[in-house]
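Report on the following structure.
The values are calculated or read from the model by the stated rules, or taken from the named source; none is laboratory data. Please read these numbers as outputs of a predicted model, since none were measured by experiment. Every residue, glycine among them, receives a Cβ derived from its backbone with ideal geometry; neighbour counts consider all protein chains shown. Accessible surface areas use protein heavy atoms only, side chains included; no ligands, DNA or RNA. Shrake-Rupley method; radii C 1.70, N 1.55, O 1.52, S 1.80 Å.
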Amino acid sequence: MAKKRNSGSEPGTWLTKELLHSDAFRSLSSAHKDIWLFILTLRKYGKDTRGRYDYTRVQNKNSLKVPTIAIQDFFNGPAWKMSMPSHNADTIRRAFKKFMAVGFLSIVHQGGNGPGDQSIYQLEDSWKRWKVGDPACFTKKGMTREKGFCQPKSGVFYTSDRKK
């Protein structure tokens, strides 16, 4: 059977040796590595003049959306028939905190302000400089207990601290 070669007309995922040897990648747990590799498959690439994918031009670098349910569906997907269950939502949330801490992602828009409002991330290069023991490159603001809808089904979301 002949080996199929990607001519550049099919999308793929590009991993560099620099990424694989970085402190940031090596500090990830096994579950976090699974999730990170899945996230890398969500990058959308532009095409060159011959119609082949140009892996140096990431089109959604500043607008990456990765819902938890998409990650779980990928690992539970019928096409893969993986024997291990998907990662739970808490593991996925911890993974995103880790990705931000080591410099893989930053947050452009923090979701959670009602149905359909999901977080939007930006792919970063700070992981190239991050070393074990360094402070977090990026963090996410926590949700306060005081947040919530002013009136149910109004679509208006209360975002400031009620104690003020």
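If R₀ is 22 angstrom, what is the calculated FRET efficiency for the pair Asp134 and Arg94, using the beta carbon separation as r and rounding to 0.05? Efficiency for this residue pair is about 0.75. The candidates His32, His109, arranged from most to least accessible area with a 1.4 Å probe in the full protein assembly, appear as His109, His32. At 0.36 nm per residue, and after removing the present C-alpha to C-alpha distance, how many nm does the segment from Tyr55 to Asn76 gain when stretched out fully? Additional length available on full extension: 4.8 nm. Checking the Cα-Cα distances for Lys47/Lys97; Lys47/Lys131; Lys17/Lys65; Lys17/Lys97 against a 30 Å cut-off, the pairs over it are Lys47/Lys97; Lys47/Lys131.
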